[in-house]
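J.: Can you keep this structure in mind? I'll have questions shortly.
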Amino acid sequence: MNGTIDIIGLRKAYPSFTLDITLSVRQGEFLSVIGPSGSGKSTMLNLISGLDEPEAGKIIADGRDIAHLPPQKRGIGMVFQDYALFSNMNVEKNLTYAMKLRKLHRAQRRQQCDELLSFVNLSGYNKRKVTTLSGGEAQRVALARALSARPSILLLDEPLSALDANLRRHLRDEIRRVHDEDGTLTTIYVTHDREEAFSISDRIAIIRDGRIEMVDSPENIYRHPSSLFCAYFTGEGTSLPAQMFNLSIDCDTIFFRPEAVTVTDGCFYGDADAYLILENAEVLSAEFLGRGYLLGLRYNGHRILAESQQRPHSTSATLYIRKTQMLMFKDGLAVK
Amino acid sequence: MRKDGFYTAIAAIPLAVLALVFILPLSFNLARAFFTQEGFSLELMREVFTSPYTYRLLSFTLLQAFVSAAVSTLIALPGAYLWANYRFPGKTLMLSLSSLCFVLPSILVVLGFVIFYGNSGFVNSLYMALTGAEEPVKILYSFRAIILAHAFLNIPVALSLITEAWGHWPRSQENASSLLGASGFRTFVSISLPRMAPVILSAALLIFLFCFTSFSIILVLGGGVQYTTLEVEIYRTNNIVMDSARASALSVFSFLVNLVILVLYVLASRKLSSRDSNREDRAVRVHSWRTRAALIIYNTLMLVFILGPLVSVVVRSFISTSSRYGEGFSVRSYQELFGLRRSVGMMSDASAALLNSLAIALIVAALACLFALFLSLFIARRNSRSVEVIGMFPLAISSVTLGLGYYIIKAHIHSSSLAMSYLLVILAHLVIALPFAMRTLLPAIRSQNLRVLDAAYTLGSGTAGTCFRIEIPQLKSAIAKAFIFSLALSMGEVNATLTLAEGRVVTLPMLLYRLINSYNYQGACTIGTVLIALTLVIFITAQALTHSSGRKAH
């Protein structure tokens, strides 16, 4: 079975928005889907898995359109936000459920179950009741169970959102490891946490109001967002009206990340031509980040975010914005 | 939560009253069973416990309760499946109708059955007209009739209990099963059904408990010694054979069996955790025509089954069959009821019965609410399981046994005053209503946000002040529901009233019972219609209250 999946014009109308998705995921790829809550992330997964039925469009997997197949026939694994472990069964029965449906022999089932458990670092958990598992353990069992049916495509619906920060970091690495060790597994991972998406994805799709706004590698998404929405959704930044500067390019807004700004309250050593200079910006706040400070400043009534190694000594500072890192937008869309 | 004596103080009064109104009749009852003129004696008990007749009674009582519970649950199950999983127009109405049956007086059901399924009833008239048969099908006064009437009362109970629990389970486990390749049937068998099992079991046990102590249905519809249960036998022995000692001994026996069933029920419902009860509605739009057809057929049958007997009572109240007053349409019974026409016979008590019922029900509901509120506050805030169990005790004692206890008390104090009869009826009703009021209030109190109380304390409000100004006002709609529930229970109560008051205190259901026995069906149906109307008013008020409080919460 081939894990390539082509979603073409997949449509479904909901009271609050209309989902309309076109997206291709290659075999073995790890794609994350991020977007604000209510943008249609989970809905998209439900349409792909067959839990919900589309009004139009195709889902081509392994060369055939599966958009109207029942979920049982799709060969897609899914991990749910609330784990959805079968509460009336123990860990082993959860994991062998799909194997029984595939009519595997007892010995085979046992062996595969043990393999899966050691795969997610839960060896020996066979007889545990699922109600006694911690959140992290339950999520690993859910992951193992999704893999137990040998899917070529794995969907994860905000699998870590109920866990605490440390565990999230640990488990997301584990999810990536599971994906990599399989080799051919195609994974679509829905999250609302952009850092999570940045750290584990091959590519990221940003979804907004039921439509894909941008699909690209994490680096490109961060550095060259296709729209102001993507720019803000993937990290901190400042946008200023273009008429503040004498620019030859036709645009209405410029955008830059905090790290594009150098803040000084004294001399500046560098090629001043490579920078836009804003003098006498008022320092409003300094947020300590560990590796440096995130400064909140005001210039001509506009709020600006900048990164700095030191806490500024005076209440005013001069800002040097690196021109190569400035992005131009017109009507919310990037201008090349 | 701070530990001062406030909650204990407010619980003390209802506990004392409960001890008085519940334990007193019970102990008089026990005393009658264990003491003869010669002093303490086990003779009566030995007789009861060794008599084969007792065990014949027991086995029939168990059998009818088991069959009733099984039939009700099995018929309710497909309906609960459809109702929990699909949206359809009129669903709220159907669910309301089901919970209406919960508070319908059983004597009214008896009447409805006589009118609807009787030899000259609507079903048989239709049958004979359609088939041209000369003889009606005999439905009433048989084992079948008992089961049918119990099913009428309890299918809706099972339906709403199971639908309520099932309808709020998220679908994710079932979804996970489908994605792992399981067919719909397989998912139902290995995922849905095991999750449902405790709910189904506890609903069935609850119905079993109701049917075990069922009284008026068996008394009237069973129609003979052949179909006598423990409860009916206790009543017969005391009120017809006039042997209160033997009746007491029997009631002790019945109490013990009842206790076992109650314990089983409590154990079964303990497994139902409210832990994962989120308010998500799992119902989806109907997709296939097969589901739609199933829904239409099931709902239509349910409507006919539930409304048939009730509507026929209303219709029959306007039909006179008396040769003296002329046949056909007539409002005579209503004129008699409201005193517009002088009446002979039982209908002369009608307006008094209406007033009696209303007055008794209002007093009982007010007291039951107040006591249940204080007890539940104590139970919830002090986490007192023992008081919770004590509050549940009255469920274990059947209303006939309770009535018998009060009957014996009355005989002891040699009081023949009418006021005493009223007082005893009110106390008996109070004991019956209290556990139900508590069951309504406790969940609401338990789900209150305690941080709000803490907030009030930090603002300087005392425990008592916080309780009366914050806690109790927040429970307004739950209190209203408990009040209305108690009102309906008292309004429809016939078992204890019949056993203890010997006809001195005439309430609507009592009058109804007598009118049925004297074959004055038009009069009975008029009283029945009034009871239906009252129940409806009470019920609609309750629904409106829940609705408006629900909207406020959003």
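J.: Would you check which residues across the stretch B:506-544 are outside any helix (DSSP H, G or I) and surrounded by fewer than 22 Cβ atoms within 10 Å (Cβ to Cβ) and list them?
T.: B:VAL506, B:SER518, B:TYR519, B:ASN520
J.: Now for a separate question. Would a scan of the stretch A:174-192 turn up a residue that is assigned by TED's automatic domain parsing to the domain that holds A:LEU10, among the β-branched types (Val, Ile, Thr) and more than 30 Å from A:ARG102 (Cα to Cα)?
T.: yes
J.: Now for a separate question. Let me confirm something: among B:ARG382, B:ARG446, which residue is closer than 24 Å to B:THR463 by Cβ and either in contact with a Phe, Trp or Tyr (Cβ under 7 Å, 6 or more places away or on another chain) or buried (at least 18 other Cβ atoms within 10 Å of the Cβ) (or both)?
T.: Unique residue meeting the criteria: B:ARG382.
J.: Next question. Of the conditions (1) outside any loop (DSSP other than H, G, I, E, B); (2) at pLDDT 80 or above; (3) touching a Lys or Arg at 6+ places or on another chain (Cβ under 6 Å), B:VAL311 fails just one. Which one is it?
T.: Among (1) outside any loop (DSSP other than H, G, I, E, B); (2) at pLDDT 80 or above; (3) touching a Lys or Arg at 6+ places or on another chain (Cβ under 6 Å), the lone unmet condition for B:VAL311 is (3).
J.: Regarding the stretch A:108-124, can at least one residue be identified that is exposed (fewer than 13 other Cβ atoms within 10 Å of the Cβ) and touching a strand residue (DSSP E or B) at 6+ places or on another chain (Cβ under 8 Å)?
T.: There is no residue in the stretch A:108-124 that is exposed (fewer than 13 other Cβ atoms within 10 Å of the Cβ) and touching a strand residue (DSSP E or B) at 6+ places or on another chain (Cβ under 8 Å).
J.: Check off (1) closer than 21 Å to A:LEU47 by Cα; (2) outside any helix (DSSP H, G or I) for A:ALA146 and give me the number that stays unchecked.
T.: (2)
J.: In addition: So, in the stretch A:294-331, exactly how many residues are touching a strand residue (DSSP E or B) at 6+ places or on another chain (Cβ under 7 Å) and either outside the structural domain of A:ILE249 (by TED's automatic domain parsing) or of a type in the set (Val, Ile, Thr) (or both)?
T.: The number of residues fulfilling the criteria is 4.
J.: Being free of Cβ contacts under 8 Å to residues at least 12 places away in the same chain and more than 14 Å from chain A (Cβ to nearest Cβ) is true for just one of B:VAL241, B:VAL220. Which residue is that?
T.: Going through B:VAL241, B:VAL220 in turn, just one is free of Cβ contacts under 8 Å to residues at least 12 places away in the same chain and more than 14 Å from chain A (Cβ to nearest Cβ): B:VAL241.
J.: Just to be sure before I move on: is A:GLU137 free of Cβ contacts under 8 Å to residues at least 24 places away in the same chain, outside any loop (DSSP other than H, G, I, E, B) and touching a Leu at 6+ places or on another chain (Cβ under 8 Å) in the structure I sent?
T.: Spelling it out, A:GLU137 is indeed free of Cβ contacts under 8 Å to residues at least 24 places away in the same chain, outside any loop (DSSP other than H, G, I, E, B) and touching a Leu at 6+ places or on another chain (Cβ under 8 Å).
J.: Give the residues of the stretch A:214-234 that are in contact with a Phe, Trp or Tyr (Cβ under 6 Å, 6 or more places away or on another chain) and touching a residue at least 24 places away in the same chain (Cβ under 8 Å), sorted by residue number.
T.: If the condition is that a residue be in contact with a Phe, Trp or Tyr (Cβ under 6 Å, 6 or more places away or on another chain) and touching a residue at least 24 places away in the same chain (Cβ under 8 Å), then A:LEU228, A:ALA231, A:THR234 are the ones that fit.
J.: Do you know which residues across the stretch A:160-215 are loosely packed, with under 15 Cβ neighbours inside 10 Å, more than 26 Å from A:TYR232 (Cβ to Cβ) and hydroxyl-bearing (Ser, Thr, Tyr)?
T.: Answer for the stretch A:160-215, where residues must be loosely packed, with under 15 Cβ neighbours inside 10 Å, more than 26 Å from A:TYR232 (Cβ to Cβ) and hydroxyl-bearing (Ser, Thr, Tyr): just A:THR184.
J.: Has the stretch A:44-58 got at least one residue that is at pLDDT 90 or above, within 17 Å of the chain's Cα centre (by Cα) and more than 14 Å from chain B (Cβ to nearest Cβ)?
T.: Yes; the residues of the stretch A:44-58 include at least one that is at pLDDT 90 or above, within 17 Å of the chain's Cα centre (by Cα) and more than 14 Å from chain B (Cβ to nearest Cβ).
J.: Same structure again: B:ALA176 fails exactly one of the following numbered conditions: (1) more than 10 Å from chain A (Cβ to nearest Cβ); (2) surrounded by 19 or more Cβ atoms within 10 Å (Cβ to Cβ); (3) more than 27 Å from the chain's Cα centre (by Cα). What is the number of that condition?
T.: Going through (1) more than 10 Å from chain A (Cβ to nearest Cβ); (2) surrounded by 19 or more Cβ atoms within 10 Å (Cβ to Cβ); (3) more than 27 Å from the chain's Cα centre (by Cα) one by one, B:ALA176 breaks only (1).
J.: Let me ask something additional. When A:ASP82 is evaluated against the numbered criteria (1) assigned to a helix (DSSP H, G or I); (2) in contact (Cβ under 8 Å) with a residue 60 or more places away in the chain; (3) among the acidic types (Asp, Glu), which criterion, by number, is the only one it fails?
T.: (1)
J.: Still on this model: Only residues that are more than 24 Å from B:MET196 (Cα to Cα) and away from chain B (no Cβ under 13 Å): list them for the stretch A:78-115, please.
T.: If the condition is that a residue be more than 24 Å from B:MET196 (Cα to Cα) and away from chain B (no Cβ under 13 Å), then A:HIS105, A:ARG106, A:ALA107, A:GLN108, A:ARG109, A:ARG110, A:GLN111, A:GLN112, A:CYS113, A:ASP114, A:GLU115 are the ones that fit.
J.: It is to be established whether one or more residues within the stretch B:176-186 are touching a residue at least 24 places away in the same chain (Cβ under 8 Å), under 30 Å from A:MET99 (Cα atoms) and not basic (Lys, Arg).
T.: no
J.: Inspect all residues belonging to the stretch B:197-216 and state whether any of them is more than 21 Å from the chain's Cα centre (by Cα), within 14 Å of chain A (Cβ to nearest Cβ) and either more than 28 Å from B:ASN495 (Cα to Cα) or modelled with pLDDT of 85 or more (or both).
T.: Yes.
J.: So A:PRO151 fits all but one of (1) surrounded by fewer than 21 Cβ atoms within 10 Å (Cβ to Cβ); (2) within 14 Å of chain B (Cβ to nearest Cβ); (3) not aromatic (Phe, Trp, Tyr); what number is the exception?
T.: Failed condition: (1).
A quick yes/no check of all residues on (1) part of a helix (DSSP H, G or I); (2) among the polar types (S, T, N, Q); (3) within 13 Å of B:PHE22 (Cα to Cα):
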residue: B:PRO394; (1), (2), (3): yes, no, yes
residue: B:LEU404; (1), (2), (3): yes, no, yes
residue: B:ALA411; (1), (2), (3): yes, no, no
residue: B:SER416; (1), (2), (3): no, yes, no
residue: B:LEU424; (1), (2), (3): yes, no, yes
residue: B:HIS429; (1), (2), (3): yes, no, yes
residue: B:ILE432; (1), (2), (3): yes, no, yes
residue: B:THR440; (1), (2), (3): yes, yes, no
residue: B:GLN448; (1), (2), (3): no, yes, no
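J.: Restricting attention to the stretch B:465-505, report how many residues are in a helix (DSSP H, G or I), touching a residue at least 24 places away in the same chain (Cβ under 8 Å) and more than 17 Å from the chain's Cα centre (by Cα).
T.: Qualifying residue count, the stretch B:465-505: 12.
J.: Just for the stretch B:214-268: of the residues that are assigned to a helix (DSSP H, G or I) and of a type in the set (Asp, Glu), which one is surrounded by the most Cβ atoms within 10 Å (Cβ to Cβ)?
T.: Ranking the qualifying residues of the stretch B:214-268, first place goes to B:GLU231.
J.: What is the one condition in (1) at positive phi; (2) crowded, with 16+ Cβ neighbours inside 10 Å; (3) of a type outside the set (Lys, Arg) that A:VAL25 does not satisfy?
T.: Only one criterion is unmet by A:VAL25, namely (1).
J.: Could you tell me which numbered condition A:GLY28 fails, if it satisfies all but one of (1) over 23 Å from A:SER161 (Cβ atoms); (2) in a helix (DSSP H, G or I); (3) touching a residue at least 60 places away in the same chain (Cβ under 8 Å)?
T.: (2)
J.: With the checklist (1) in contact with a Lys or Arg (Cβ under 8 Å, 6 or more places away or on another chain); (2) of a type outside the set (D, E, K, R); (3) modelled with pLDDT of 85 or more in hand, flag the one item B:VAL71 doesn't pass.
T.: (1) is the only condition that B:VAL71 fails.
J.: Which one is modelled with the lowest pLDDT, of the residues in the stretch A:116-134 that are in a helix (DSSP H, G or I), in contact with a helix residue (DSSP H, G or I) (Cβ under 9 Å, 6 or more places away or on another chain) and more than 14 Å from chain B (Cβ to nearest Cβ)?
T.: A:PHE119
J.: Residue pairs, Cβ under 9 Å, 6 or more apart or interchain, first in the stretch A:302-330 and at positive phi and free of Cβ contacts under 8 Å to residues at least 12 places away in the same chain, second outside any strand (DSSP E or B) and of a type in the set (Phe, Trp, Tyr). List them.
T.: Going by the 9 Å Cβ cut-off, there are no qualifying pairs.
J.: Let me ask something additional. Residue check, A:LYS12 against (1) away from chain B (no Cβ under 14 Å); (2) part of a strand (DSSP E or B); (3) touching an Asp or Glu at 6+ places or on another chain (Cβ under 7 Å), all met but one. Which one?
T.: (1)
The values are calculated or read from the model by the stated rules, or taken from the named source; none is laboratory data. All values reported here derive from a predicted model rather than from experimental measurement. Reconstructed Cβ throughout: ideal geometry from the backbone, glycine too, with neighbour counts over all protein chains shown.
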